[in-house]
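Remarks on the structure that follows.
Derivation of every value follows stated rules applied to the coordinates shown; laboratory data play no part. Remember, it's a predicted structure, so these values are computed and weren't measured experimentally. We place every Cβ from the backbone using ideal geometry, glycine too, and count neighbours over all the protein chains shown.
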Amino acid sequence: MRNTCIVAIALLGGVVQGCETGKEIDRLSLVRRHNVKVTSFDPRASLSVGNGEFAFTVDATGLQTFPELYDAGVPLGTQSQWGWHSFPNTEGYRFEESLRVYDFGRGHLESYPVQLRAPAHAARAVEYFRVNPHRLHLGYVGLELLQKDGAAAAPGDISGIEEEIDLWSGTVRSSFLFDGERVEVTTVAHPEVDGISTRVASALVAKGQLKIRFTFPYPTGKHSDAASDWSKPERHQTALVAGDDGRATLSRTLDSTRYQVNVVSNGTLEASAGGDHYFILTPRPGASAIEMSCSFTLPAREVILPGFEETESSSAAHWQDFWMSGGAIDFSGTDDPRAFELERRVVLSQYLTAIQCAGSAPPQETGLTYNSWFGKFHMEMIWWHQVHFALWNRAELIKPSMEWYKGRAFQEARKTAERQGFKGVRWMKMTDPSGQESPSSVGSLLIWEQPHAIYFAELLYRRFGDEALREYQDLVFATAEFMADFAMYEKDRDVYSLNHVNGAQETLKPDNSHNPPFEVSYWHWGLKTAQEWRARLGLERVALWDEIAAKLPPFAERDGLYLAAESLPDTYTNKQYMSDHPMVLGAYGFLPPVDRLVNKETMTRTFLFIHENWFWGDTWGWDYPLAAMSATRLGLPDKAVDLLLMEEQKNTYLPNGHNYQDDRLRVYLPGNGGLLTAVAMMCAGYDGCTEREPGIPKDWKVKWEGLVRMP
């Protein structure tokens, strides 16, 4: 998010205006009517500030004062794109020990990192590389609240809570009563610095009952949690280096990981008797407020740390630019009572994805809030996290993670393809900034993350033109080269098949997943688009790419319905295959339909059957926008809205705007990003669409502007 959005809405690269002249949207009112207000310690209503590269989540006190209350809700994370840690590899595990060799009949053996391994040492190696590296919780910054007798405050001692996040300025303001005095806390994140600034005002400051506390945990290495282990203080070190004029540095060492916390304030930072990793910021004598800024950085990185007022001003200017640029949708003219809730989800999802999904690497599914899958990111999910940025005319927010694609990840993807006997680059499923794939019995055999690189490059071409062609051509062509080499030619049928894959509908497995329709459609789209890039650059077409696209098999069907794969005639009589993602709909929604592969009538029957009979309780947050996009292309706008607002647990949006899944995934940003993608498409349409607002019911009155058509 550090690339400031340009305040312009141009008819370039498919951008379309949705408002009538003279009826522009009042964006300030639109955004602020969805400010989140909190009046208690609600574990599912914590609030975050951030900048795409760093995020900081607070409780009802405006800082991270009572993290234990939120661990089972939306935890109080302090995370960044650069903050990672590995436990020492004392057993000398090698990545090669996680590999299992398969023979899928493609003329060469293929090795994949998977979880189920023997002997025991190999199994432990698999677990080591699955856990490491993992994302760090960088440290808690909370209030040190003391009773008159010096006893620490408990949550029950706090009353009169009035907390609000002002989305227009990216500011959290909290007000509460403690020991008979009101406390006012204001917290903001700097748009260019990985850190926060806060101002804490109260009569309790001068009484010595109110200070600021810094505490630091060790990582847990668990699959999904707040990444905070307080039981191992001896495993890490925190050193305080005091400076002049209210400046200090906390130097952190965790095994081979080093980082630092830089603090500037109107007080003194000192070690506390509370433990080796516990520090207290005490204001200067006579002060009525504490003002403090802190940044989290890699060692020896020079950072100009702004004070509170400068950070507050920078945050306000940044967020005003954000909201005044890009797209906007106003549902307030619609009588349907569901419209306000949809608008709330849309506004909050824009904010949440901007602070958590717009950094220099792909985001994890729980963003920068807390760890899931050890803090690693999933490359098939980047589409759901980031495509909406382009459709909301903020394509520049995709660029930072594309640099990751082009750099270390590209080299690792080429090594993976070579190891498996393929040309080009094969994109990993679960990984980290190093680009090394993590072992997974499910993910390693997925292929639908492969064309995403082409999809993103195409979105950036539509926004930035020839600049994008020059920047991403190698990425596009190497990605397509693998796709062509992966397709298997079946001479007896004269088709190119996608066999032995783990389908995006993850209930399918390599032994029963041959030519799943979504992957077939995505292979066609990716190879066709790569050829268009060659034409734009004045290069000759690759004959093999055209041949494969022309000979991919039409979707298999039975009883008038498209199957989950041509090898699964029992798709709609076996609950296993009617659970998880209804990916067949993605071939006519997520992607534009290919006439040779699919027809509208059969897909409409398939959609209606799935809508009525699917086990929606077994789905995920992005499945509702996936189906809504299909409804939009099929001309069923009422169904599109119904799907986005379907009352299912995994389609729940918490008071803070996060898409809730279950007790493990209380935050699920692919759902937020998918919602934004679907709603943009429902308003602005897609390539070749001639109908205005194809996914909006006819009795809804919606104003929108600055959105971009979907491919």
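Descriptive notes on the structure:
- Partners of residue 376 within straight-line reach, counting aspartates and glutamates whose Cα lies under 12 Å from its Cα and excluding those fewer than 8 residues away in the same chain: 365, 432, 437.
- Computed over segment 217-290, the range of Cα coordinates on each principal axis works out to 46, 22, 21 Å, biggest value leading.
- Taking all Cα-Cα distances within segment 436-486, those exceeding 13 Å account for 62%.
- Taking segment 227-277 and dividing mean pair separation by its residue count, relative contact order in percent (alpha carbons under 8 Å, at least six apart): 32
- Look at the dipole of the chain built from charges on Cβ: of 672, 128, 30, the Cα furthest out on the positive end belongs to 128.
- Remark: 295, 332, 197, 265 ranked as 332, 295, 265, 197, counting other beta-carbon atoms within 10 Å and listing the fewest first.
- Per the Debye calculation on segment 102-256 with a single equal scatterer at every Cα and no solvent contribution, log₁₀ I(q)/I(0) for q = 0.08, 0.10, 0.11 Å⁻¹ amounts to -0.43, -0.60, -0.69.
- A DSSP coil position with no more than 10 other Cβ atoms inside 10 Å describes the following GluC sites (Glu not before Pro) in segment 283-387: 302.
- The residues 149, 229, when put in order of fewest to most other Cβ atoms within 10 Å, stand as 149, 229.
- Among 198, 171, 224 - extreme Cα towards positive end, dipole of segment 134-268, charges at beta-carbon: 224
- Loop-resident chymotrypsin sites (Phe, Trp or Tyr not before Pro) (DSSP state other than H, G, I, E or B) in segment 146-182 with no more than 12 further Cβ atoms inside 10 Å of their Cβ are absent.
- Per DSSP, loop trypsin sites (Lys or Arg not before Pro) in segment 499-607 with at most 16 further Cβ within 10 Å: 541, 551, 596
- Volume per residue of the C-alpha convex hull in segment 557-674, rounded to whole Å³: 103
- Tail fraction, Cα-Cα pairs, segment 35-183, threshold 27 Å, whole percent: 48
- Mean separation of Cα contacts under 8 Å, 6 or more apart, over the residue count of the chain: relative contact order %: 15
- Mean shadow area of segment 81-163, taken as a quarter of the surface of its Cα convex hull (nm²): 12.0
- Taking only Cα atoms of segment 274-402, radius of gyration then Dmax in Å: 19.4, 58
- Under the simplified labelling scheme, the residue 494-residue 321 pair shows an inter-label distance of 5.8 nm, with each label point 7 Å from Cα along Cα→Cβ.
- When the charge dipole of the chain is built from unit charges on Cβ atoms (+1 for Lys and Arg, -1 for Asp and Glu) and taken about the Cα centre, the candidate among 340, 256, 360 whose Cα reaches farthest toward its positive end is 256.
- Here the Debye sum runs over all C-alpha atoms of segment 61-121 as equal scatterers in vacuum, and log10 of I(q)/I(0) at q = 0.17, 0.22 Å⁻¹ comes out as -0.82, -0.96.
- Nearest 10 degrees, 0 to 90: helix 408-419 Cα axis against the chain principal axis: 40
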